[in-house]
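Peer 1: The structure follows.
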Amino acid sequence: MELLSGAEMLVRALKDEGVETVFGYPGGAVLHIYDALFQQKSISHVLVRHEQAAAHMADAFSRTSGKTGVCLATSGPGATNTVTGIATAYMDSIPLVVITGQVQSDWIGDDAFQETDIVGCTRPIVKHSFMVKKTEDIPATIKKAFYIASTGRPGPVLVDIPKDLTNPAITYEYNYPAKVKLRSYNVVSKGHSGQIKKAVDLLMAAKRPIFYTGGGVIQGNSAAELTELVRKMGFPCTNTLMGLGGFPGDDPLFVGMLGMHGTYEANMAMHHADVVMAIGARFDDRVTNHTSKFCPNAKIIHVDVDPASIAKNIPVDIPIVGPVDQVLKEMLEQLEKTDEKPDQQAIEAWWKQIDAWRAYHGMRYETNPDLLKPQQVIEALYQVTNGEAIITSDVGQHQMFAAQYYKFKHPRQWINSGGLGTMGFGLPAAMGCLVARPDATVACVTGEGSIQMNIQELSTCLQYHFPVKIINLNNQSLGMVRQWQDMQYQGRHSSSTYEESLPDFIKLAEAYGHVGMRVTKPADLEGAMKEAFDLKDRLVFMDISVDPTEHVYPMQIKDGSMRDMWLSKTERT
Ligand SMILES: Cc1ncc(C[n+]2csc(CCOP(=O)(O)OP(=O)(O)O)c2C)c(N)n1
C-alpha cells in the first residue's frame, strides 16, 4: 500500500496520465504541489513569466502534439491570469487541464488573501470544472478531468484544489482509477450509417460541390481521411482559418481559406455551390458573412462530433453527429462499395469556373522596390522553411497574411487563436510547440502590437533554450484596427498608432540574451531570413519593416453574402 500526500497524488496522477511537462508559475496556494514536483523526475516544469503564457504554452503543446496540455497556477491573481488562455483554448476546442491552487478550505468565502472564485470566474469558458473537496478524491478527479478534456469536442477543464488538501503531512492510499464513469457525459463513438449513405448519395449527385472543413478535422486527427476523400471525389476543398493544414495547401484541389479574408475563388465557390460538405467546422460568423445570404442554393451536409454545433448558426440538410475520423472512414468504405460516380461533366464545368475565379484574383498584391510588403515576407518565410515549419501567429493583419500566403501542408502545422483572437498568443504558443516537437523549426509571425502582449516570455525562452524565430511584421501600428478605421471611419486612426514610442526590438532581444535582426529593404529580406534560420539553436527576433498602409484582401463586405468582397482598396465584387 502506497501512502501519498494530496500534492504527491496529484503529481503521480499526472504521471499516470502520461504527462511529461507542466507549464506554470508558483505561489502560496500551490507550494506543496511545487515541492512534490521538485522531488520527482518524471515530470518537468516550465517556469513562465506570466500565467497567461503558461495556459497558451500548454494549449499550443496540445495543438502540436494532440495530447492534453497541463498548466498550473496559484490562487487569486495566478488563477485569473490564466483566464484569457482558458478562453482561447475553449473557443478553439483544445484539450487543456488547468490546475489552480485555492486558499485553504475553511477560509473559502472569507475574502482570504489571494482568494478568487476561479471556478465561478471561468464557468462560461470551460468544458467542465472541479473544486476538489477531499484529498482522497484527487486521483479520480484528475482522471475525469483528462477524460472530459480530450473526448468528444475537446476543451479546457479546470481543477481547483484548496491548499490544505495538498498538505504533505496528511497521506492517503493512492489508487489511480483505470476507467472513468460519468453518468451524464456520453461521447458519441460512431456516425449514423444511414445519414452517411444519404451524404454519399448527395455528393454523387452534386454538380457544384465543395468541401468546407475546419479545426475539427485537425483536432479529430482525420486529415488523412479527408485528403483521401477529397482526392477520390475530385471536388474543391476549402479550409477555415482553424482548418488549415487539414488538407494539403499545395494540392491543386485546394482553393484556399474561405471567409472574411478567404480567397476570391473559395468564397465564390461556396456562394455558388449546390452541395456543401462541412466537416468539423462550425459556420462561424467569420466564415458565413450574413447568415441569411449564406450559400443560397446549397444543400448542406454537416459532420461534427458536437451535436450542439449542428444547425446552430445555419440550418443543415444532412446532419451527421460523430467523430470526424470515424465518419470519414465509413464514408470511404461506402464509396468503395458503390458503383456510383460523380457527374464528371458537371464537375469539369465547375472546375473551369473555379479556375476562372482563381485566375481573376489569384491573391495578387502590388509590390514596391523600396518598401517590403507583408505578403512578400510570408512568401519568403515559406521558401526559406521549405513549407515545413510550424507557424504560430498572434492576431491581426500578420495572422491573415500568414494564413493566406503560407501553404500549410500538414495538420498541426498552423497554430493560431482563431476563435477568441488573442493577441499575445503567438510567442508562448511557439514555445509550447517546441516542447512538443523540440526538433521542429518554429516561427512566430507577429506584429509589434501583439508581441508586446507577452514579450516577457523572451526570458523563459532563454532559460529553456527555445530557438523560436520571431517574424515581426512591423507596420508601426495596430494594423488590423487601422485597416478597419481606414475602411469604416474615414481613416481616423483613433489609438491605433504609437507615436514614436515603440521599443528598439533589436536591443530588446539582445537584452534578453537573444539575437536581433532588422530588415528594412526588400533586397535584404531573403539573405536575412536564411541567416536567421541557419542559427538553429538561437532565438532570433527579426524586426521587419513593412508597408504600414497595406490592407488584407480579399475582405468580405459586412452583412453581405460570401461573394460580396473588397478585392483591393478600390475594387469590389
Ligand atoms: C488581447 C487583444 N486585444 C485587442 C484585440 C483587438 N485587435 C485585433 S487585431 C489588433 C491589432 C494587432 O496589431 P499588431 O499585433 O501590430 O498586428 P497587425 O494587425 O499590425 O499585423 C487588435 C488591437 C485583440 N485581438 N486581442
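Peer 1: Would you mind finding the one in Q476, Q483 that is within 14 Å of the ligand (Cβ to nearest atom), open to solvent by 60 Å² or more (accessible area, probe 1.4 Å) and touching a residue at least 40 places away in the same chain (Cβ under 8 Å)?
Peer 2: Among Q476, Q483, only Q476 is within 14 Å of the ligand (Cβ to nearest atom), open to solvent by 60 Å² or more (accessible area, probe 1.4 Å) and touching a residue at least 40 places away in the same chain (Cβ under 8 Å).
Peer 1: Answer yes or no: is there a residue in the stretch 463-473 that is more than 14 Å from the ligand (Cβ to nearest atom), closer than 16 Å to R538 by Cβ, in contact with a Gly (Cβ under 6 Å, 6 or more places away or on another chain) and open to solvent by 50 Å² or more (accessible area, probe 1.4 Å).
Peer 2: no
Peer 1: Residue by residue through the stretch 184-197, note down the ones that are in a loop (DSSP other than H, G, I, E, B), open to solvent by 60 Å² or more (accessible area, probe 1.4 Å) and at pLDDT 95 or above.
Peer 2: K190, H192
Peer 1: Does M431 satisfy being open to solvent by 20 Å² or more (accessible area, probe 1.4 Å), within 22 Å of S62 (Cα to Cα) and either within 16 Å of the ligand (Cβ to nearest atom) or among the aliphatic types (A, V, I, L, M) (or both)?
Peer 2: When the stated conditions are applied, M431 does not pass them.
Peer 1: Of all the strands (runs of 3 or more DSSP E) wholly in the stretch 1-48, which have at least 2 residues that are closer than 19 Å to P139 by Cα?
Peer 2: Answer list for the stretch 1-48: 3-5, 21-24.
Peer 1: Next question, about the same structure. Give the stretch 366-388 a look and list any residue that's without any contact (Cβ under 8 Å) to a residue 60 or more places away in the chain, closer than 20 Å to D250 by Cα and part of a loop (DSSP other than H, G, I, E, B), or say none.
Peer 2: Result: N386, E388.
Peer 1: May I ask you to verify whether K409 is touching a strand residue (DSSP E or B) at 6+ places or on another chain (Cβ under 8 Å) and among the basic types (K, R)?
Peer 2: Spelling it out, it is not the case that K409 is touching a strand residue (DSSP E or B) at 6+ places or on another chain (Cβ under 8 Å) and among the basic types (K, R).
Peer 1: Then there's this: Out of all the residues in the stretch 487-518, which are among the aliphatic types (A, V, I, L, M) and either open to solvent by 30 Å² or more (accessible area, probe 1.4 Å) or within 16 Å of the ligand (Cβ to nearest atom) (or both)?
Peer 2: Those that are among the aliphatic types (A, V, I, L, M) and either open to solvent by 30 Å² or more (accessible area, probe 1.4 Å) or within 16 Å of the ligand (Cβ to nearest atom) (or both): M487, L502, L508, A511, V515.
Peer 1: In the stretch 80-99, what residues are open to solvent by 10 Å² or more (accessible area, probe 1.4 Å) and farther than 18 Å from M242 by Cα?
Peer 2: Answer for the stretch 80-99, where residues must be open to solvent by 10 Å² or more (accessible area, probe 1.4 Å) and farther than 18 Å from M242 by Cα: T80, N81, V83, T84.
Peer 1: Output the residue which, of all residues in the stretch 198-234 that are part of a helix (DSSP H, G or I) and basic (K, R), is nearest to L335 (Cα to Cα).
Peer 2: Residue satisfying both the conditions and the ranking: K232.
Peer 1: Taking only the stretch 108-146 into account, find how many residues are acidic (D, E) and either crowded, with 17+ Cβ neighbours inside 10 Å or outside any loop (DSSP other than H, G, I, E, B) (or both).
Peer 2: 3
Peer 1: Can you give me the number of residues within the stretch 1-47 that are open to solvent by 70 Å² or more (accessible area, probe 1.4 Å) and among the hydrophobic types (A, V, I, L, M, F, W, C)?
Peer 2: Adding up the residues that qualify gives 4.
Peer 1: Would you kindly identify the strands (runs of 3 or more DSSP E) lying entirely within the stretch 249-362 that contain at least 2 residues that are charged (D, E, K, R)?
Peer 2: Because the criterion is at least 2 residues that are charged (D, E, K, R), the strands (runs of 3 or more DSSP E) in the stretch 249-362 that meet it are 299-304.
Peer 1: Does the stretch 48-67 include one or more residues that are over 20 Å from V435 (Cα atoms) and open to solvent by 10 Å² or more (accessible area, probe 1.4 Å)?
Peer 2: Taking every residue of the stretch 48-67 in turn, none turns out to be over 20 Å from V435 (Cα atoms) and open to solvent by 10 Å² or more (accessible area, probe 1.4 Å).
Peer 1: For the stretch 397-417, indicate whether the set of residues that are open to solvent by less than 30 Å² (accessible area, probe 1.4 Å), more than 21 Å from S545 (Cα to Cα) and within 11 Å of the ligand (Cβ to nearest atom) is non-empty.
Peer 2: The answer is yes, given that some residue of the stretch 397-417 is open to solvent by less than 30 Å² (accessible area, probe 1.4 Å), more than 21 Å from S545 (Cα to Cα) and within 11 Å of the ligand (Cβ to nearest atom).
Matching residues to (1) in contact with a strand residue (DSSP E or B) (Cβ under 6 Å, 6 or more places away or on another chain); (2) in contact (Cβ under 8 Å) with a residue 60 or more places away in the chain; (3) acidic (D, E):
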{"site": "L3", "(1), (2), (3)": "yes, yes, no"}
{"site": "V11", "(1), (2), (3)": "no, no, no"}
{"site": "L14", "(1), (2), (3)": "no, yes, no"}
{"site": "I33", "(1), (2), (3)": "no, yes, no"}
{"site": "Q40", "(1), (2), (3)": "no, no, no"}
{"site": "F61", "(1), (2), (3)": "yes, yes, no"}
{"site": "G66", "(1), (2), (3)": "no, yes, no"}
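Peer 1: Does any residue of the stretch 368-389 turn out to be buried (at least 21 other Cβ atoms within 10 Å of the Cβ), polar (S, T, N, Q) and within 25 Å of M57 (Cα to Cα)?
Peer 2: Within the stretch 368-389, none of the residues are buried (at least 21 other Cβ atoms within 10 Å of the Cβ), polar (S, T, N, Q) and within 25 Å of M57 (Cα to Cα).
Peer 1: Also, I was wondering about something else. Can you tell me which of (1) out of contact with any Ser or Thr (no Cβ under 7 Å at 6 or more places or on another chain); (2) acidic (D, E); (3) within 16 Å of the ligand (Cβ to nearest atom) is the one D317 doesn't meet?
Peer 2: It fails just one condition, (3).
The values are calculated or read from the model by the stated rules, or taken from the named source; none is laboratory data. Because the structure is a prediction, the values reported are computed rather than measured. Here Cβ is always computed from backbone atoms with ideal geometry, including for glycine, and neighbour counts include all displayed protein chains. Note: accessible area is taken over every heavy atom of the protein model, side chains too, but ligands, DNA and RNA are not part of it. Shrake-Rupley method; radii C 1.70, N 1.55, O 1.52, S 1.80 Å.
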